[in-house]
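The values are calculated or read from the model by the stated rules, or taken from the named source; none is laboratory data. Since this is a predicted model, take the numbers as computed values, not measurements. Positions of Cβ are generated from backbone atoms using ideal geometry, with glycine treated the same way; all protein chains shown enter the neighbour counts.
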Amino acid sequence: MFTNMHSRRRHLYGLGASLGSVAFSSLLAEEPASKPLAAKSGHAKARAKSCIFLMMEGGPSHIDTFDPKPKLIDLHLQRFTRKDEKLSGMASGTRYYVRSPFDFHQVGQSGADMSTEWRHLAKVADELCFYRGCQVESVNHPTAMYHVNTGNRFGGDPAIGAWANYGLGSANADLPGFIVLPELAYPQGGASNWSNGYLPADFQGTALRPEGSPILDLQPPPGISRDHQRANLDLLGKLNRRHLARHPDHQDLRARMSSYELAFRMQMEVPGILDVEGEDDRTKALYGIGQAETDAFGRKCLLARRLVEQGVRFVQAYHGTWDSHDAIGKAHGTLVRNVDQPIAALIQDLKQRGLLEETLIVWCGEFGRSPDNGVRSGTAYGRDHNPNAMTMWFAGGGVRSGHTIGATDAIGERAVDVVHHIRDVHVTLLHLLGLDDNRLTYYHAGRYKQLSQFGGRRIPQLLA
């Protein structure tokens, strides 16, 4: 009788007569159990070696950032009744159209649309590829966050960074392949946004704390030398390997063993990389470090550059509170000022170091915003959630810089040109990293699973 159900399933699968089952069993046997994070070549030539994913939690308004809608000026505060919320995802009842409180202009040689609040990003507009055709499915923050991060609205699946880590491994054996830079308060949905899901635990995101020591217990306690630690790890490894030999499918134990070794190596590597104070004053000023509005996100962007420079495959940096249901002028104005200079600096810094072409930058939230609102109180006009239209942009890493792809309707309520589900964005990101979504699969719960869930397709208009 098999005591391990996972082993039993694998054994029965391997008994099949098909060539596929034989190949699957062979792959299992050849899996490098001792080095799950070893660098891999991917499925095709990569446009990007790494990805920096800038996640604006809360849902930034495309209408007030990169997708101007002049028609809303004429419709401003006109009242109407929305009768059916099923298609829009927005609340029914009495509504008011809301114009943007910001002015817009066209910037760069590409003539990209951008609100005038983006003073620094405007200087690198020609490095950006704006995409206005993305649609998602959920209007609730936690499920929408899961959807954008993992492809599954209900959580529990691997994050896109975990998939990249699984498919490519780490280019630096002394650092995790997937690192997350969260806010002090985790995003809605918590750490499941960077979970390994059903993939082996080796591939989960490593979150760095924004205050205090980035990683707890990074330094050994007083009186404990490196030699002491090495001897303890060697003994623990010997005992664990003996146990693992009796339970070869105990993946959590295998992951824990490799994490102990990685943590030991990180004690030497990480402190120097995380110390952004070691950068020269000009670089810190470029990112806005030392300025109240930009210091926090500036440090994240600078750290992201240092991490990809050292071979980390996937870095995700969070910036929250974009959920502007009212006072959108004040709220979004402040939020843009928080991130504008740091993001522009990241692009400039990567480019002058020759790293932008091999680093894919992604900027997005979990959904867009509506052209209307259900609340009218003085001048505190805001917007509701909108899954049917959102703007995201990309830079570097093989994308079509200096272009705006797709479009929304006249009031920004729905994407109408080059419309794609978020799964197609995921497939495109994997493609840029040299990974094929249809081949990047993992056998779990009786079937092969993949990031796109049910299969997606690349968005060719985004590719250079």
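At-a-glance table
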item: M90 being surrounded by fewer than 16 Cβ atoms within 10 Å (Cβ to Cβ), within 30 Å of T143 (Cβ to Cβ) and at pLDDT below 95; result: no
item: Selection status of D84, at pLDDT 95 or above and acidic (D, E); result: no
item: Residue tally, condition modelled with pLDDT of 95 or more, in contact with an Asp or Glu (Cβ under 8 Å, 6 or more places away or on another chain) and of a type in the set (D, E, K, R), over region 355-382; result: 2
item: Any hit, region 368-386, residues being touching a strand residue (DSSP E or B) at 6+ places or on another chain (Cβ under 8 Å), part of a helix (DSSP H, G or I) and surrounded by fewer than 23 Cβ atoms within 10 Å (Cβ to Cβ); result: no
item: Residue within region 352-362 that is without any contact (Cβ under 8 Å) to a residue 40 or more places away in the chain, over 15 Å from G59 (Cα atoms) and part of a loop (DSSP other than H, G, I, E, B) present; result: yes
item: Residues being in a helix (DSSP H, G or I) and farther than 20 Å from Y146 by Cα - total across region 426-453; result: 2
item: Entirely in region 80-177, the strands (runs of 3 or more DSSP E) that have 1 or more residues that are touching a residue at least 60 places away in the same chain (Cβ under 8 Å) and out of contact with any helix residue (DSSP H, G or I) (no Cβ under 8 Å at 6 or more places or on another chain); result: 93-97, 112-115, 128-135
item: Failed item, numbered, when I63 is tested on (1) surrounded by 18 or more Cβ atoms within 10 Å (Cβ to Cβ); (2) in a loop (DSSP other than H, G, I, E, B); (3) at pLDDT 95 or above; result: (2)
item: Options D217, D174; residue that is surrounded by 13 or more Cβ atoms within 10 Å (Cβ to Cβ) and either modelled with pLDDT of 65 or more or more than 23 Å from the chain's Cα centre (by Cα) (or both); result: D174
